[in-house]
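Chemist: Dropping the structure in here first, questions after.
The values are calculated or read from the model by the stated rules, or taken from the named source; none is laboratory data. The structure presented is a predicted model; accordingly, all values stated were derived computationally and were not measured. Note that each Cβ is placed from the backbone with ideal geometry, even for glycine, and that neighbours are counted across all protein chains shown.
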Amino acid sequence: MRIQIRKWKLSDSAALAANLNDLSVLNNLRDGLPYPYTEEDAAAYITVMMHADPEKVFAFAVTLDDECIGSIGVFRCENIHRRSAELGYYIGKPHWGNGYMTVAVRLICHYVFTHSDIVRIFAEPFSTNLGSCRVLEKAGFTYEGTMRQNAYKNGNLLDMKLYSILRDERG
Ligand SMILES: CC(C)(COP(=O)(O)OP(=O)(O)OC[C@H]1O[C@@H](n2cnc3c(N)ncnc32)[C@H](O)[C@@H]1OP(=O)(O)O)[C@@H](O)C(=O)NCCC(=O)NCCS
């Protein structure tokens, strides 16, 4: 398989910026990322990920033949939710529709469940993000319900769908 997840390298900065500097990607993510998204922004993100607590942050470049085409991360929650973790991901638009993110989601779930005590990984795509919902379904996640008007994004109130996979459910 040409798709892999691997630790970030600073040399991924240009490729990360090229894939993220796109409103069709950013409009499906949480707020807080700059637009335009520069190579310096990418280098700052990669630096933070490289120094993050390895018990709490599982962040990887998504690579096609070792070239960064996207990003995927699982982030441990706090307090009583500390054995639960949130999944987030994106891939550059030229690479959409090839099954790549489904592979990456399967890989990161396997990694987290075998390298930590996390028992639940969840994701919260906008209900309108049919491609992301499909990725989660294909990767074995269970739809748990819809969080109504849970997000305010670009001037619109949006529903979010909640999906999860448990340690015992990995394929
Ligand atoms: C969502 C995203 C990660 C999907 O990555 P990808 O590599 O294209 O995903 P895959 O090819 O593995 O699977 C996509 C599936 O969604 C389907 N899909 C895509 N757009 C769709 C749409 N508008 N309606 C219905 N299905 C759709 C594809 O047909 C495919 O399903 P199939 O294999 O059954 O045909 C990518 O589009 C992306 O990065 N989007 C912007 C950022 C984002 O949304 N991140 C997730 C936030 S929760």
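Chemist: Picking from Val62, Val25, Val57, which residue would you name as being more than 16 Å from Tyr90 (Cβ to Cβ), surrounded by 13 or more Cβ atoms within 10 Å (Cβ to Cβ), of a type in the set (Val, Ile, Thr) and at pLDDT 95 or above?
Modeler: Numbers: Val62 fails: more than 16 Å from Tyr90 (Cβ to Cβ); Val25 fails: more than 16 Å from Tyr90 (Cβ to Cβ).
Selected residue: Val57, the only one of Val62, Val25, Val57 that is more than 16 Å from Tyr90 (Cβ to Cβ), surrounded by 13 or more Cβ atoms within 10 Å (Cβ to Cβ), of a type in the set (Val, Ile, Thr) and at pLDDT 95 or above.
Chemist: Does any residue in region 106-124 that is part of a helix (DSSP H, G or I) and buried (at least 16 other Cβ atoms within 10 Å of the Cβ) come within less than 8 Å, Cβ to Cβ, of a residue that is at pLDDT below 95 and not basic (Lys, Arg) six or more places away or on a different chain, and which pairs are these?
Modeler: If the second residue must be at pLDDT below 95 and not basic (Lys, Arg), the pairs left are Arg106/Gly171.
Chemist: Looking at region 128-135, can you tell me whether even one residue there is more than 8 Å from the ligand (Cβ to nearest atom), at pLDDT 95 or above, closer than 21 Å to Ser24 by Cα and of a type in the set (Val, Ile, Thr)?
Modeler: Checking region 128-135: at least one residue is more than 8 Å from the ligand (Cβ to nearest atom), at pLDDT 95 or above, closer than 21 Å to Ser24 by Cα and of a type in the set (Val, Ile, Thr).
Chemist: Also, I was wondering about something else. Just for region 28-67: of the residues that are of a type in the set (S, T, N, Q) and over 14 Å from the mean Cα position of the chain (by Cα), which one is nearest to Ala85 (Cα to Cα)? Reasoning before the result, please.
Modeler: Residues of region 28-67 that are of a type in the set (S, T, N, Q), as a first pass: 28, 38, 47, 63.
Remaining after also requiring over 14 Å from the mean Cα position of the chain (by Cα): 38, 47.
Values: Thr38: 28, Thr47: 21 Å.
Filtering first and then ranking leaves Thr47.
Chemist: What is the residue count in region 68-86 for residues that are closer than 22 Å to Leu10 by Cα and within 10 Å of the chain's Cα centre (by Cα)?
Modeler: Just the residues of region 68-86 that are closer than 22 Å to Leu10 by Cα, to begin with: 68-75.
Next, from what is left, pick out any that are within 10 Å of the chain's Cα centre (by Cα): 70-75.
Counting residues in region 68-86 that are closer than 22 Å to Leu10 by Cα and within 10 Å of the chain's Cα centre (by Cα) gives 6.
Chemist: Here's something else I'd like to know. Being away from the ligand (no atom under 15 Å from the Cβ) and in contact with a Pro (Cβ under 7 Å, 6 or more places away or on another chain) is the filter here; which residues of region 5-50 pass it?
Modeler: Across region 5-50, the qualifying residue is only Asp41.
Chemist: Then there is this: So for region 66-79 (the condition being more than 16 Å from the ligand (Cβ to nearest atom), assigned to a helix (DSSP H, G or I) and either touching a Gly at 6+ places or on another chain (Cβ under 9 Å) or under 16 Å from Arg6 (Cα atoms) (or both)), does at least one residue qualify? Please lay out each step first, then the result.
Modeler: Let us first name the residues in region 66-79 that are more than 16 Å from the ligand (Cβ to nearest atom), namely 66, 76-79.
Checking which are assigned to a helix (DSSP H, G or I) leaves us with 79.
Keeping just the survivors that are either touching a Gly at 6+ places or on another chain (Cβ under 9 Å) or under 16 Å from Arg6 (Cα atoms) (or both) gives none.
No.
Chemist: Within region 127-152, work out how many residues are surrounded by 14 or more Cβ atoms within 10 Å (Cβ to Cβ), in contact with an Asp or Glu (Cβ under 7 Å, 6 or more places away or on another chain) and of a type outside the set (S, T, N, Q).
Modeler: Of the residues in that region, 2 qualify.
Chemist: For region 87-101, enumerate the residues that are more than 11 Å from the chain's Cα centre (by Cα) and either in a helix (DSSP H, G or I) or near the ligand (Cβ under 6 Å from one of its atoms) (or both). Spell out the reasoning first.
Modeler: Of all residues in region 87-101, those more than 11 Å from the chain's Cα centre (by Cα) come to 92-100.
Lys93, Pro94, His95, Trp96, Gly97, Asn98, Gly99, Tyr100 - these are the residues of region 87-101 that are more than 11 Å from the chain's Cα centre (by Cα) and either in a helix (DSSP H, G or I) or near the ligand (Cβ under 6 Å from one of its atoms) (or both).
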